[in-house]
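Chemist: The structure follows.
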Amino acid sequence: MSLLQLAARLPGYWAFRRFGWPRMYPFSIVVSVSFRCNSRCRTCDVWRKPSDDMTVEEWQQVFHHLGHSPVYITFTGGEPFLRSDLDDLVISAYQECQPAYITIPTNGLLSDRIIEKTDRICRGAPRAEIGINLSLDGIGEEHDDIRGVPGSWRRAMETWRRLKELQQRRRNLVLTIHTVISRFNIQRFRQIYEELQSLEPDSYITEVAEERVELDTVGWGITPSPDDYAPIADFLSEQARRSPARGITRITQAFRAEYYQMAKRVLYRREQVIDCYAGWASAHIAPNGDVWSCCIRAEPVGNLRETGYDFAPIWFGERMERLRRSIANKECACPMANAAYANMLLHPPTLMRVLLAALR
């Protein structure tokens, strides 16, 4: 599905959120393929969670029921590339759903497997943009300390070098660097940012470290203070506006500039600053088939193994409806990037600012 086709669906999501009709499937879906991880990050405890991972065959049935509704699919973990069948799983999603954008974050520790699987995914999903997001939270030993595994930086750099080489052959491969901004690196963030730019990513994105139910980090105190984050948000917004870009990338950068300002407001106010569409336009599926509105609350409203892998009975069921009412009543607030971009796309004032900024 193209972005123009998605734009035509936006009024349907506005009506779905307000009136409950027409019933719509989400256009942005996060798929957690496993909680297993080979990092031991100071901002995440997901690797301790038990994994009951669905098989590729099970996921294929899920994707078949979703049809062509998803435009964006993110395959996350844990560390997604710990699954030796990740390429089969992603290609299955592409064949069933035909998403325009597929994103896979990675810590970069499994160089050989990452290159092999990414190459096959790019070949197996030729009409999708395949984004590999390498997570880097510091430079050198600083990154190793936050990630909890000695040698993480060195191995990630080897993976990055080889991904850049692969990109010369696979034109649908987009390489992004992703930094989690936490209380462990915020004081040095500008220096980290400057040094990471030397790696020449196609795109650079950041996200605020959050206390998530999914990651078992509630009460960890990992989120930077609003006063510490505010100047960083302003800096990142300015960098996004200044970044030379053409075509769709101009719109992407304009959305990022808006996102950092929105995240800043959420941290200060601790409330939704625009309506949240998690549970309407975006969704998260856990490794065992539990369906969530998002990973922040991670509240299961049903399990796909219990519905024959059919998304509809869960997505349009009473438990999800109760969760939607809670979200609509603004009983939660977060700056989570994945849901935030869908929210901004569905917020007319923000969308108008983004389009005007992209046209300047």
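Chemist: I'd like the residue in region 260-273 that is out of contact with any Pro (no Cβ under 6 Å at 6 or more places or on another chain) and farther than 24 Å from Ala15 by Cβ and, out of all such residues, is surrounded by the most Cβ atoms within 10 Å (Cβ to Cβ).
Modeler: Tyr260
Chemist: Give the number of residues within region 274-325 that are open to solvent by 30 Å² or more (accessible area, probe 1.4 Å), assigned to a loop (DSSP other than H, G, I, E, B), touching a helix residue (DSSP H, G or I) at 6+ places or on another chain (Cβ under 9 Å) and not hydroxyl-bearing (Ser, Thr, Tyr).
Modeler: Summing the residues that are open to solvent by 30 Å² or more (accessible area, probe 1.4 Å), assigned to a loop (DSSP other than H, G, I, E, B), touching a helix residue (DSSP H, G or I) at 6+ places or on another chain (Cβ under 9 Å) and not hydroxyl-bearing (Ser, Thr, Tyr) in region 274-325 gives 7.
Chemist: OK, next. Can you give me the number of residues within region 1-25 that are at pLDDT 90 or above, open to solvent by 50 Å² or more (accessible area, probe 1.4 Å) and outside any helix (DSSP H, G or I)?
Modeler: Matching residues across region 1-25 total 2.
Chemist: Which residues, taken from region 26-46, are over 21 Å from Leu351 (Cα atoms), of a type in the set (Gly, Ala, Ser) and assigned to a strand (DSSP E or B)?
Modeler: Ser32
Chemist: Quick check: is even one residue across region 101-115 surrounded by fewer than 18 Cβ atoms within 10 Å (Cβ to Cβ), in contact with a Phe, Trp or Tyr (Cβ under 6 Å, 6 or more places away or on another chain) and among the hydroxyl-bearing types (Ser, Thr, Tyr)?
Modeler: The answer is yes; a qualifying residue exists.
Chemist: Taking the condition of being closer than 23 Å to Pro287 by Cβ and in contact (Cβ under 8 Å) with a residue 40 or more places away in the chain, how many residues in region 203-219 meet it?
Modeler: Residues in region 203-219 being closer than 23 Å to Pro287 by Cβ and in contact (Cβ under 8 Å) with a residue 40 or more places away in the chain: 9 in total.
Chemist: Among all residue pairs at least 6 apart or on different chains, which show Cβ distances below 8 Å where the first residue, located in region 168-179, is under 15 Å from Thr249 (Cβ atoms) and of a type in the set (A, V, I, L, M, F, W, C) and the second is outside any strand (DSSP E or B) and open to solvent by 40 Å² or more (accessible area, probe 1.4 Å)?
Modeler: Val174/Asp202; Leu175/Lys164; Leu175/Asp202
Chemist: For Ile91, indicate whether it is open to solvent by less than 10 Å² (accessible area, probe 1.4 Å) and either free of Cβ contacts under 8 Å to residues at least 12 places away in the same chain or at negative phi (or both).
Modeler: Spelling it out, it is not the case that Ile91 is open to solvent by less than 10 Å² (accessible area, probe 1.4 Å) and either free of Cβ contacts under 8 Å to residues at least 12 places away in the same chain or at negative phi (or both).
Chemist: Please go through region 326-340 and give me each residue that is assigned to a helix (DSSP H, G or I) and either open to solvent by less than 10 Å² (accessible area, probe 1.4 Å) or among the aromatic types (Phe, Trp, Tyr) (or both), ordered by number.
Modeler: Selection gives Ile327, Ala339, Ala340.
Chemist: Just one of (1) of a type in the set (A, V, I, L, M, F, W, C); (2) open to solvent by 60 Å² or more (accessible area, probe 1.4 Å); (3) within 17 Å of the chain's Cα centre (by Cα) trips up Leu215, so point out which.
Modeler: The number of the failed condition is (2).
Chemist: Name the residues in region 169-191 that are open to solvent by less than 60 Å² (accessible area, probe 1.4 Å), touching a Pro at 6+ places or on another chain (Cβ under 7 Å) and assigned to a loop (DSSP other than H, G, I, E, B), would you?
Modeler: Scanning region 169-191 gives Asn172, Ser182.
Chemist: Starting from region 295-314, take each residue that is of a type in the set (Lys, Arg) and list its partners that are open to solvent by 30 Å² or more (accessible area, probe 1.4 Å), counting only C-beta distances under 7 angstrom and pairs at least six apart or across chains.
Modeler: Arg297/Val213; Arg297/Cys332
Chemist: So if I check each of Glu165, Glu195, which one is free of Cβ contacts under 8 Å to residues at least 40 places away in the same chain and assigned to a helix (DSSP H, G or I)?
Modeler: After applying the criteria, what remains is Glu165.
Chemist: While we're on this one: Applying the selection to region 320-339, what residues are modelled with pLDDT of 95 or more, over 15 Å from His284 (Cβ atoms) and not aliphatic (A, V, I, L, M)?
Modeler: Glu321, Arg322, Arg325, Ser326, Asn329, Lys330, Glu331 - these are the residues of region 320-339 that are modelled with pLDDT of 95 or more, over 15 Å from His284 (Cβ atoms) and not aliphatic (A, V, I, L, M).
The values are calculated or read from the model by the stated rules, or taken from the named source; none is laboratory data. Source: prediction; values computed, not measured. Glycine gets a Cβ as well: all are built from the backbone with ideal geometry, and neighbour counts include every protein chain shown. Heads up: the accessible areas ignore ligands, DNA and RNA and are worked out on the full protein's heavy atoms, side chains in. Shrake-Rupley method; radii C 1.70, N 1.55, O 1.52, S 1.80 Å.
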